[in-house]
Amino acid sequence: MARLRSLPLFALCTSLCFSFGFALCAASCGLFFREMDSYPCPPEGTQLRYSSFGAPFMDSYCQSCHGSQSTDRRGAPGEFIFDTVEQIQRHSARIFVRSAADNNSMPPGPDDPSEEERQKLAEWLACGAPK
């Protein structure tokens, strides 16, 4: 009889653990992210340019997988090539939700951009990734 009374408690505990585990997994897997629309370009625009910020950022953190000359793309989809500012502009919303502002699912580490660099990337992308 005691076993039957503990069954609802077991089901409740299992359900709570599963829900908590799913929420934790979803958060770490990038299901909760900030969209570029929620990060407007500052009213005064940006001083960040492709030559002074975008190209060095992409070279440091993205090109080893997303460059057209990459020999080991490590699973990066072939359509995501970031060799030019035009290619970056075309994929800017995707780059934003993966790497800019609070979004940090890319690059996959271990040498990730700092929070300050991610904020600059967010600003640069939100302002249209100017040349």
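Summary table
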| quantity | calculated |
| --- | --- |
| A129 vs. criteria modelled with pLDDT of 90 or more and in a loop (DSSP other than H, G, I, E, B) | yes |
| Residue satisfying all of: in the range 65-85; in contact (Cβ under 8 Å) with a residue 12 or more places away in the chain and within 17 Å of the chain's Cα centre (by Cα); farthest from P130 (Cα to Cα) among these | R74 |
| Flag if P108 is farther than 21 Å from Q47 by Cβ, under 14 Å from the mean Cα position of the chain (by Cα) and not in a helix (DSSP H, G or I) | yes |
| Flag if E79 is modelled with pLDDT of 95 or more and of a type in the set (D, E) | no |
| Checking R90 against (1) at pLDDT 95 or above; (2) over 20 Å from A122 (Cβ atoms), the condition it does not meet | (2) |
| Restricting the range 111-131 to residues that are surrounded by fewer than 14 Cβ atoms within 10 Å (Cβ to Cβ) and not hydroxyl-bearing (S, T, Y), the residue that is farthest from G45 (Cα to Cα) | D111 |
| Every residue from the range 34-54 that is free of Cβ contacts under 8 Å to residues at least 12 places away in the same chain and not in a loop (DSSP other than H, G, I, E, B) | D37, S38, S52 |
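Residues checked against (1) exposed (fewer than 12 other Cβ atoms within 10 Å of the Cβ); (2) of a type in the set (F, W, Y); (3) at pLDDT below 95; (4) assigned by TED's automatic domain parsing to the domain that holds K120:
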| residue | (1), (2), (3), (4) |
| --- | --- |
| G45 | yes, no, no, yes |
| A55 | no, no, no, yes |
| Y61 | no, yes, yes, yes |
| G67 | no, no, yes, yes |
| R74 | yes, no, yes, yes |
| T84 | no, no, no, yes |
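The values are calculated or read from the model by the stated rules, or taken from the named source; none is laboratory data. Predicted model, so just to flag it, every value in this text is computed and none were measured. Positions of Cβ are generated from backbone atoms using ideal geometry, with glycine treated the same way; all protein chains shown enter the neighbour counts.
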